[in-house]
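Following: one structure in structure tokens, then a few remarks.
Nothing in this text is a laboratory measurement; each read-out follows from the coordinates by a stated rule. Bear in mind that the values here come from a model prediction, so they are computed numbers and not experimental data. Here Cβ is always computed from backbone atoms with ideal geometry, including for glycine, and neighbour counts include all displayed protein chains.
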Amino acid sequence: MESPDGPSISKYTTRTLDQEIDTVAICPLHPDYMIVGTYSLVKKDTPTSYAGQSREGSLRVMTVSSSFTPSYAGMLPPRLDRVDLPCAVLDVHFHPADPTLLGVATSNASVYFYRFVVRGDVLGRRVTTRLLPLGSVRISEDDEHGLTPLITQFSWFEETRRKGTRGVDDVMIVALAATTTFGETSVVRLRIPAVRDVNDHRVDGTDVAIRSSCDVVHKHDLEAWSVATINFDASRDTEVVDNGQRLILSGGDDSAVVATSISPATPFQSDEGAFEASRLWKDRRNHTAGVVAILPLTPPPAPCVTLEKEKEKDPMLPQQPIPLLTGSYDEFLRIFEIDAQSYRASLKTELRLNGGVWRLKVLDEYTTSTSVNINPDERGGRGPQQHHYLVLASLMHAGAAIIRISYTAGGGTPSAAPHGEATWTITPLATFSAGHESMVYCCDARLENGNQSEGGRNDTDVGFGNGDGNRVTKRDTKVTEPPTYTIVSTSFYDMKICTWAFVDEFKFEAHALASTTT
């Protein structure tokens, strides 16, 4: 039965853990496996690792598929690693440029780091997974009452830098932004041992992550829950360090989105790692409850212009604004545009999703033509285009949802009417809540027919500046069948993991129509 939020998914499988589930991430390099993070309050009279411990958690390596199916005769089920922690897990992300480097935000004011390793045994009969510990860094200090803040979310910067002799003493220099329950938003620079596999001599040794710097760039009046970054001068080469600016955005229980600009965009251009931070704005007008999800999008393709203008890359053409999605406890998904010059955000549209919008993730993006090349304008351009973003949303008590965000470009050249006729729409495509009996805080997805896509990206860090280098998918990708996604959604108190499927028929039909009319 269809609801106002789109058709409800009814076919699924379910698994149950022994602890509450708070976060999940499918490994980009090994998409058969996911990392599940748990969060539990320590029960009375339970043995603890230290005095005053109130939370515990774990990292579980699990298969995305709910059941094991051998690929060949004699294949055995994989050995799946588990790491128990004296703290709760609140957020996990693989690094966008190093897809087996895992960061883990915890309730003891620290971020832990692991190398996820998948390897077969000598006979090739069983796969073994390992989470190799690389240390942790403290992000925030206790307050005057001895209370320890929780790291509520973090976002990797997409660049990396390597120093040292490979396999001997080399380190990865990386940076991230993080939020805490004290309301802080911080930028952290650190060195992580560049351990790649279980044979590295530093495994289980004394070489651990070292924090080089940690700077609070702004604060909320209440708990901060979400953080994202936008690099306005990103390079395609993640080993190259930039001199531009990066926008740090965070949301919190004060119903505010706060923006700060830092320069240089990558704060490890020198060994000192110094940067300048400038507070830009604080928006409290557009949300009526806490802001708990922030997701920048890559800009849609520029409106059609003459071929001559495109080749010239006229510097006087206005730069496109950057789309930004926010989710709130007030149950609204909102679309903003951030001006590329002033960095100011303007609200474009919003839609109530009937559940707190806790997390958002882009699965795909692609362009269709509303006129399919019919009625080209007099300057040789095409008719209005639509650019679509397929988004997976975790909606707390409303379950999970698949949503299509569509941008319809206006006609004419940007110089004639810059963005004046463009519109944004939000279309719920499917919802899932049947298998969940409590809050859905986290979801992830895997594209099954992966030849159609280049894969995903970090869901809270976006870079711009060099054409299509940071696009999720190739715009000229040939679609031969509907993209099919395996979705894992998790619920907290009932400790459920549900696995279900979504098929993007719209993309397939739109590309099929375009191919028959060109």
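A few points about this structure:
- Tail weight of P(r) past 26 Å, computed on alpha-carbon pairs of region 73-196, percent: 31 percent
- Cβ-to-Cβ counts within 10 Å put Ser328, Ser40, Ser394 in ascending order as Ser40, Ser328, Ser394, the fewest first.
- Extension gain (nm, one decimal) between Gln53 and Ala512, 0.36 nm per residue minus Cα-Cα: 159.5 nm
- At R0 = 51 Å, FRET efficiency that the Cβ-Cβ distance of Leu123 and Arg352 yields, to 0.05: 0.40
- Over region 140-213, relative contact order from alpha-carbon pairs under 8 Å, at least 6 apart, %: 25 percent
- Cleavage-rule hits (chymotrypsin sites (Phe, Trp or Tyr not before Pro)) in region 84-139: DSSP loop, at most 15 neighbouring Cβ within 10 angstrom: none
- Loop-located chymotrypsin sites (Phe, Trp or Tyr not before Pro) in region 6-88 (DSSP state not H, G, I, E or B) with no more than 13 neighbouring Cβ atoms inside 10 Å: Tyr50, Phe68, Tyr72.
- Electrostatic tally near Gln53: other residues with Cβ closer than 15 Å to its Cβ, Lys and Arg +1, Asp and Glu -1, net -1.
- Sites Arg166 and Leu76, calculated FRET efficiency, Cβ-Cβ separation with R0 30 Å, nearest 0.05: 0.35
- Centre-to-centre, using Cα atoms only, region 90-137 and region 147-205 are separated by 12 Å.
- Inter-probe distance in nm under a simple model that places probes 7 Å from Cα toward Cβ, at Ser67 and Leu41: 3.8 nm
- Gain on full extension, evaluated as 0.36 nm per residue between Ser342 and Asp197 minus their Cα-Cα distance, stands at 47.7 nm.
- One decimal place: the segment Glu505-Asp143 gains 125.1 nm when fully extended, by the rule 0.36 nm per residue minus the C-alpha distance.
- Inverse mean reciprocal Cα-Cα distance (Kirkwood Rh) of region 1-90, Å: 15.9 Å
- Sorted by Cβ density within 10 Å, fewest first, the residues Tyr493, Tyr366: Tyr493, Tyr366
- Measuring between their Cα centroids, region 208-230 and region 279-299 lie 16 Å from each other.
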